[in-house]
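Asker: Structure incoming, see below.
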Amino acid sequence: MDDLFSDDTKDGGYNGPLIFYEENDSTIIEVGYEELPKFDEEIGCYDGTLIFDKKGDHAILTIDYDKPPNFDADDSNYNTPLIVDKEIEGGDICKGALLSAIANAGEYIIYNDPKQPINNRINDLMSRMTLEEKIGQMTQIERTVAKDEVLKKYSIGSILSGGGSVPARHASPEIDPELAKRIGAATAREVRATGIPYAFAPCIAVCRDPRWGRCYESYSEDPTVVRSMTEIISGLQGDVPPNSPKGVPYLGGQDKVIASAKHYVGDGGTIKGINENNTLATWHQLLSIHMPAYYDSIIKGVSTVMVSYSSWNGVKMHANRNLITDFLKNTLRFRGFVITDWQAIDKLTYPMHANYTYSIETSINAGIDMVMVPYNYTEFIDELTMLVKNNFVPISRIDDAVRRILRVKFTMGLFEHPLADYSMAKYLGSQEHREIASEAVRKSQVLLKNGKSIDKPLLPLPKKTPKILVAGTHADNIGNQCGGWTIEWHGESGNITAGTTILTAVRNAVDPTTVVSYRKDPEPKYIKSENFSYAIVVVGEPPYSETYGDNLNLTLPAPGPSIIKNVCSSVKCVVVLISGRPIVIEPYLEEIDALVAAWLPGSEGQGVADVLFGDYGFTGKLPITWMKKVEQLPMNVGDKHYDPLFPFGYGLTTQPIKAN
């Protein structure tokens with residue numbers, strides 16, 4: 001079409017009217033309007049203006065139609081084909097469409113060229129950015145305050161969904177890196193299906209004390225296990241190609257998401273497991289227990305690292321320049337960006353937010369690149385701008401942060417693929433993903449006791465039997481199965497999401513002739529009168545997350561103990577514990593015939609029934625020490641006075657049976 005334009009040296013583009021006809025052999029151009037063009041009585045047809053704007057270099061297209069375009073429900077625009085015919089010199093504009101265009105070619109923009117090396121694109125874009133735009137890139141705000149005008153005015157670099165917006169998955173406690181990788185890939189597809197390209201996962205904490213309310217987010221008390229499970233990063237982001245430079249962010253495609261290794265560092269080692277507290281450890285202990293999984297994460301190309309609320313030997317991690325800049329960035333050569341936790345820099349002072357200027361200066365100079373503000377963005381932006389202009393924060397620190405953020409964004413292909421891909425929606429809750437989740441559930445079940453004597457195991461349970469009892473607070477409660485970080489920040493009891501409860505799973509598993517009776521908290525008289533073949537008691541912890549889950553006694557919540565006592569004293573019973581960590585169970589162990597640590601199985605309760613009834617064997621092993629009493633804590637494998645109820649790595653096995 002170049003021959004239809006005349007060169008205009010003033011604006012660097014080509015100007016000229018184009019005549020579009022509907023009848024001739026030609027090129028079809030699809031044009032969409034967000035609103036219907038207006039009818040123009042003077043020319044007797046519909047006209048409208050489209051403005052294409054790319055950083056100021058724009059083309060204004062004025063188009064006239066003899067009839068209005070058709071509304072397309074798929075893309076919510078009014079669409080019409082424009083037919084370009086190069087042979088026609090003139091004609092009635094209302095028989096086709098007249099296009100008057102100024103196509104401003106402008107300069108060649110390096111950062112918009114995906115063929116350019118990423119460093120060239122970063123340098124080009126940064127050379128065009130103002131200080132305000134750079135600080136905007138360092139600002140992450142909550143989606144509830146992320147209005148269009150806010151994003152544009154402040155050049156906001158990132159939006160997050162706070163706790164309660166997006167549920168997080170947690171992989172199986174069993175040591176199965178290949179399964180963790182498949183879970184990561186499934187998670188990436190479902191996150192992408194919602195239009196989000198970034199997941200705040202995995203948590204590579206090493207939980208050294210189950211009193212911590214985030215212990216269930218950790219894979220193990222053993223750094224070797226946690227290191228192996230960083231394979232989930234390869235599932236989320238894709239496999240880094242061989243011979244790639246180490247420490248550089250990576251994304252393997254538009255069905256993947258960037259990951260965040262967290263919480264750097266020592267979050268799982270705080271005193272008494274108190275969330276956000278102080279981790280007392282020597283440099284050697286920090287490097288040998290809490291740091292190793294970060295080595296693996298960086299080698300696997302993790303794109304971001306989230307810093308911990310906690311302190312190391314009294315120094316807040318968000319203020320620790322030695323660990324963030326000197327060690328993570330300079331020694332480990334991490335090239336992605338470092339992000340804070342939610343309102344974390346506010347907590348550098350007590351009371352929280354007491355001296356925000358100090359908090360910003362200290363955290364940014366420590367090496368923080370992006371701040372999860374998440375609400376008071378104008379205060380953050382204004383204060384950081386003032387600090388830079390008065391040389392309290394060097395512009396080199398700002399440039400380092402923005403360079404890292406842009407490196408991740410260019411790696412993600414965010415400039416080429418800025419919008420959600422609706423074709424990914426088919427993956428949400430797909431059967432394939434549910435099957436992966438079921439596999440994770442059954443492989444993570446740990447059989448702690450099977451029969452009151454070795455030669456008389458209770459499991460696997462017979463499917464065909466006259467009548468069985470299912471009891472307990474967690475037997476028919478999908479919210480309790482899922483725990484925290486599901487639908488709501490702290491999770492919620494009840495029918496909060498689609499899935500299979502353990503009660504439903506039991507009913508699915510047994511023979512059609514077997515009667516399944518359910519009572520949440522059955523009376524002793526009822527239990528004794530019904531002549532049950534056996535009972536399945538499902539009890540455990542309520543949902544929780546973060547500090548709300550800190551628990552200094554770890555007792556089984558009521559009415560769990562009384563349900564166990566009433567049922568197991570009258571009928572052979574298997575107790576299925578739903579919990580995010582070991583809890584004190586020794587006082588009830590003698591009465592229990594079989595005991596299963598089911599952890600938080602989530603929506604796919606069928607995985608629990610799969611192993612109870614022998615469709616699959618028990619294979620899971622404890623990734624954490626199970627104490628006799630809470631006074632023993634902290635107690636970890638390798639300690640001098642190691643005297644657990646069930647040791648790290650313990651787990652009985654059963655063989656699958658073809659038919660019951």
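Asker: I need the phi-derived Karplus couplings for the stretch 591-607: 6.51 cos²θ - 1.76 cosθ + 1.60, θ = phi - 60°, integer Hz, Gly and Pro marked x.
Answerer: 7, 7, 7, 9, 10, 10, 8, 9, 6, 10, x, x, 6, 9, x, 4, x
Asker: Got a sec? Charge dipole of the stretch 365-449, +1 on Cβ for Lys and Arg, -1 for Asp and Glu; which of N391, N365, T411 is way out at the positive end?
Answerer: Comparing the listed Cα positions along the dipole, T411 ranks first.
Asker: Can you bin every Cα-Cα distance in the stretch 503-660 into 10 Å intervals starting at zero and give me the percent of pairs per bin, rounded to whole numbers?
Answerer: 9, 35, 37, 16, 3, 0
Asker: Related question: Of the listed pairs K329/K389; K443/K621; K147/K409, which have alpha-carbon separations greater than 18 Å here?
Answerer: As for pairs spanning more than 18 Å Cα to Cα, those are K329/K389; K147/K409.
Asker: Now for a different question. Considering only Cα-Cα distances, which of the following residue pairs are longer than 19 Å: K525/K572; K520/K572; K300/K426; K467/K525?
Answerer: K300/K426
Asker: For the stretch 168-339, what is the convex hull (Cα atoms) projected area averaged across all directions, in square nanometres?
Answerer: 9.0 nm²
Asker: Which ³J(HN,Hα) values, rounded to whole Hz and listed in residue order, are derived for the stretch 535-546 from phi using the Karplus coefficients 6.51, -1.76 and 1.60 in 6.51 cos²θ - 1.76 cosθ + 1.60 with θ = phi - 60°, glycine and proline given as x?
Answerer: In residue order, the calculated couplings are 10, 10, 9, 10, 9, x, 7, x, x, 6, 8, 6 Hz.
Asker: What fraction of the DSSP beta bridges in the stretch 168-339 is antiparallel, stated in percent and rounded to the nearest 5?
Answerer: Antiparallel bridges: around 15 percent, rounded to the nearest 5.
Asker: Another question, if that's okay. Using amide H atoms built 1.01 Å from N in the peptide plane, name the residues 5+ places from Y518, or on other chains, whose amide H lies under 5 Å from its own.
Answerer: HN-HN under 5 Å from Y518: V470.
Asker: Enumerate the calculated ³J(HN,Hα) couplings along the stretch 266-282 in order (Karplus 6.51 cos²θ - 1.76 cosθ + 1.60, θ = phi - 60°), each rounded to whole Hz, writing x wherever the residue is Gly or Pro.
Answerer: With coefficients 6.51, -1.76 and 1.60, one gets x, 4, x, x, 5, 4, 6, x, 6, 4, 6, 8, 9, 9, 8, 7, 6 Hz.
Asker: What residues qualify as long-range amide H neighbours of Y264, i.e. H under 5 Å apart, gap of 5 or more or another chain, H built at 1.01 Å from N?
Answerer: Amide H neighbours of Y264: M306, V307, S308.
Asker: What order do you get for H433, H353 when you list them from fewest to most C-beta neighbours inside 10 Å?
Answerer: Going from sparsest to densest Cβ surroundings: H353, H433.
Asker: Using Cα pairs under 8 angstrom and six or more residues apart, how large is the relative contact order of the stretch 431-632, in percent?
Answerer: 34 percent
Asker: Return the long-range amide H neighbours of K449 (sequence gap of 5 or more, or a different chain), with a cut-off of under 5 Å between placed amide H atoms.
Answerer: Sorted by chain and number, the residues that satisfy this are L595.
Asker: Report, in debye and to the nearest 20, how large the dipole of the stretch 431-632 comes out about its Cα centre when Lys and Arg carry +1 and Asp and Glu carry -1 on their Cβ.
Answerer: So the magnitude is around 720 debye.
Asker: Round to a whole angstrom and tell me the spacing of the C-alpha centers of the stretch 427-450 and the stretch 239-277.
Answerer: 24 Å
Asker: Ok, one more. Using the Cα centre as the reference, give the magnitude of the dipole from point charges on the C-beta atoms of the stretch 253-327 (Lys, Arg: +1; Asp, Glu: -1; all else neutral), rounded to the nearest 20 debye.
Answerer: About 60 debye.
Asker: In the stretch 523-593, with Lys and Arg counted as +1 and Asp and Glu as -1 at Cβ, which of these residues, I563, P524, V575, has the Cα nearest the positive end of the dipole, that is, farthest along it?
Answerer: P524
Asker: If you average the sequence gap of Cα pairs under 8 Å that are 6 or more apart and divide by the length of the stretch 168-339, what percent do you get for the contact order?
Answerer: About 24 percent, as a whole number.
All of the numbers you see were taken from the coordinates with simple rules; none came from a lab. None of these values were measured; they are calculated from a predicted model. Cβ: placed from backbone, ideal geometry, glycine included. Neighbour counts: every protein chain shown.
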